[in-house]
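Visitor: Below are the structure tokens for one structure; questions will follow.
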Amino acid sequence: MEGVGITVMEHLLIHQKEAPMATGKFTRLLTELIFSAKIIAREVRKAGLVDILGLTGEINVQGEQVRKLDEYANRILIYRMQRAGVLCAMASEENADIIEIPDNLPKGDYLLIFDPLDGSSNIDANVNIGTIFSIRKKTSDRAYVTLEDFLQKGTEQVAAGYFLYGSSTMLVYTTGNGVHGFTLDPSVGEFLLSHPNIQIPEIGKIYSVNEAYTMYWDERTKNTVNYFKSDKNLRGKPYSSRYIGSLVADFHRNLLYGGIFMYPADKRDPAKPHGKLRLLCEAAPLAMVVEQAGGAATDGKQRILDIKPEALHQRVPLFIGSKKDVEKATELMQQG
Ligand code: P6P
């Protein structure tokens, strides 16, 4: 019927036979995640007016004036997802330890890991930012949740995706049956299917990396990046350089157009020998999305989804995007 789109819930139920995830519990989890994102999107849209409005003009659940949007997004997600009745615990990029569900609130057996507002340092420049999420199931038969329950390989994710707060607000996610994009129609407050079955081009035309760090890279990393800047690559000419400095925005553009995003290890900070990006709340969810879209993701050596985490905030080098480009980058990163 003209003018009526497919909502996320309709899409999930349509694919119910393929997506065993479309159980009531999973649907509830996704519904609450979407509601949280709508609240965050509303505040992000106001961000430019903060000075005029005075802070966000929002009183958060603790009755404090909210000062920073990533703290605000974190609070919204924790508050709402604790009450969804489907989680046994959460982990956030903003919180050092796992976040338990208070005893007085209903619980389930899903685990949610998220980066509440990735790229938030760009918000004052009105650059696109996003929320990245990873959904897993508690597999241990212990009555209580421990850190060990979170340290599962990325292949254990049951769903993953991101919200992108930009010229429009989008949800892109997978339950293991392809990648689907939905765009928020603010007039009805629903995310409507806008990008069914996203497939990333096998060979891209964009490379994304912060070349300011060249002097901190090892020779293999320099050779790998130079490959995309030369005419000795699969395209026979240099790839275009595009780097926003907001992971979700860079990833989303490359997902649609084709390309490779690289955040290699560098020698800038001895405390972060494996680069800046985090395995559990950034690399693993985006790796599930990109593989479901026909792409690839490695740490320069192995598949991101095969990495067994050792710590909640473990950082990994990330090479993610078009399959042939990531395969070539990984090959070059292994050369002596
Ligand atoms: P750099 C934003 O702070 C972020 O975590 C990602 O969104 C982004 O890809 C990366 O850092 C940018 O880091 O070191 O290039 O400024």
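Visitor: Hey, among the residues in segment 240-270 that are closer than 21 Å to Gly295 by Cα and without any contact (Cβ under 8 Å) to a residue 40 or more places away in the chain, which one's nearest to the ligand (Cβ to nearest atom)?
Guide: Per the criteria, the residue is Tyr243.
Visitor: How many of the residues in segment 208-239 are farther than 24 Å from Gly161 by Cβ and either charged (D, E, K, R) or within 16 Å of the ligand (Cβ to nearest atom) (or both)?
Guide: In the first step, residues of segment 208-239 are kept if they are farther than 24 Å from Gly161 by Cβ; the result is 210-239.
With the extra rule that they be either charged (D, E, K, R) or within 16 Å of the ligand (Cβ to nearest atom) (or both), the set shrinks to 210-222, 225, 229, 231-232, 235, 237.
Count: 19.
Visitor: I would also like to ask the following. With the requirement that a residue be open to solvent by less than 30 Å² (accessible area, probe 1.4 Å), at pLDDT below 90 and out of contact with any strand residue (DSSP E or B) (no Cβ under 7 Å at 6 or more places or on another chain), what does segment 1-26 give you?
Guide: Of everything in segment 1-26, those that are open to solvent by less than 30 Å² (accessible area, probe 1.4 Å), at pLDDT below 90 and out of contact with any strand residue (DSSP E or B) (no Cβ under 7 Å at 6 or more places or on another chain) turn out to be Leu12, Ala19, Ala22.
Visitor: So, one more: Would you confirm, using the coordinates I've provided, whether Lys138 is in contact with a Leu (Cβ under 7 Å, 6 or more places away or on another chain), in the same structural domain as Ala41 (by TED's automatic domain parsing), touching a residue at least 60 places away in the same chain (Cβ under 8 Å) and open to solvent by 20 Å² or more (accessible area, probe 1.4 Å)?
Guide: no
Visitor: If you take the residues of segment 271-281 that are more than 12 Å from the ligand (Cβ to nearest atom) and assigned to a loop (DSSP other than H, G, I, E, B), which of them is surrounded by the most Cβ atoms within 10 Å (Cβ to Cβ)?
Guide: His274
Visitor: Only one of these is β-branched (Val, Ile, Thr) and crowded, with 21+ Cβ neighbours inside 10 Å: Val86, Val158. Name it.
Guide: Of the residues listed, the single one that is β-branched (Val, Ile, Thr) and crowded, with 21+ Cβ neighbours inside 10 Å is Val86.
Visitor: Counting just the residues of segment 108-126 that are more than 10 Å from the ligand (Cβ to nearest atom) and at pLDDT 85 or above, which one comes out nearest to Leu69 (Cα to Cα)?
Guide: Selected residue: Pro116.
Visitor: Now for a different question. Which residues, counting only those in segment 166-188, are under 16 Å from Thr31 (Cβ atoms) and either free of Cβ contacts under 8 Å to residues at least 40 places away in the same chain or open to solvent by 40 Å² or more (accessible area, probe 1.4 Å) (or both)?
Guide: Of everything in segment 166-188, just one residue is under 16 Å from Thr31 (Cβ atoms) and either free of Cβ contacts under 8 Å to residues at least 40 places away in the same chain or open to solvent by 40 Å² or more (accessible area, probe 1.4 Å) (or both), namely Val188.
Visitor: Counting just the residues of segment 311-336 that are open to solvent by 50 Å² or more (accessible area, probe 1.4 Å) and not charged (D, E, K, R), which one comes out farthest from Leu256 (Cα to Cα)?
Guide: Among them, the one singled out is Gly336.
Visitor: I'd like the full set of residues that are closer than 13 Å to Ala41 by Cα and not in a strand (DSSP E or B), limited to segment 128-143.
Guide: At the first step, the residues of segment 128-143 found to be closer than 13 Å to Ala41 by Cα are 128-131.
Selection gives Asn128 alone.
Visitor: Also: Quick check, is Ala297 farther than 15 Å from Gly204 by Cα and within 16 Å of the ligand (Cβ to nearest atom)?
Guide: Details: farther than 15 Å from Gly204 by Cα: no; within 16 Å of the ligand (Cβ to nearest atom): yes.
So Ala297 fails the test.
Visitor: Across segment 300-310, what is the total count of residues that are closer than 16 Å to Glu331 by Cβ and open to solvent by 20 Å² or more (accessible area, probe 1.4 Å)?
Guide: Adding up the residues that qualify gives 3.
Visitor: Here's a follow-up. Which condition number in (1) more than 21 Å from the chain's Cα centre (by Cα); (2) open to solvent by less than 20 Å² (accessible area, probe 1.4 Å); (3) more than 16 Å from Tyr144 (Cβ to Cβ) is the one that Ile101 fails?
Guide: Going through (1) more than 21 Å from the chain's Cα centre (by Cα); (2) open to solvent by less than 20 Å² (accessible area, probe 1.4 Å); (3) more than 16 Å from Tyr144 (Cβ to Cβ) one by one, Ile101 breaks only (3).
Visitor: Out of all the residues in segment 301-319, which are outside any helix (DSSP H, G or I) and over 17 Å from Glu94 (Cα atoms)?
Guide: Lys301, Gln302, Arg303, Ile307, Lys308, Pro309, Glu310, Val316, Pro317, Leu318, Phe319
Visitor: Is segment 312-322 home to any residue that is β-branched (Val, Ile, Thr), within 15 Å of the ligand (Cβ to nearest atom), free of Cβ contacts under 8 Å to residues at least 60 places away in the same chain and assigned by TED's automatic domain parsing to the domain that holds Val225?
Guide: Yes, there is a match, as at least one residue in segment 312-322 is β-branched (Val, Ile, Thr), within 15 Å of the ligand (Cβ to nearest atom), free of Cβ contacts under 8 Å to residues at least 60 places away in the same chain and assigned by TED's automatic domain parsing to the domain that holds Val225.
The values are calculated or read from the model by the stated rules, or taken from the named source; none is laboratory data. No experiment lies behind these values; they were computed from the predicted model shown. All Cβ positions, glycine included, derive from the backbone under ideal geometry; neighbour counts span all protein chains shown. Please note that ligands, DNA and RNA were not included when accessible areas were found on the heavy atoms of the full protein model with its side chains. Shrake-Rupley method; radii C 1.70, N 1.55, O 1.52, S 1.80 Å.
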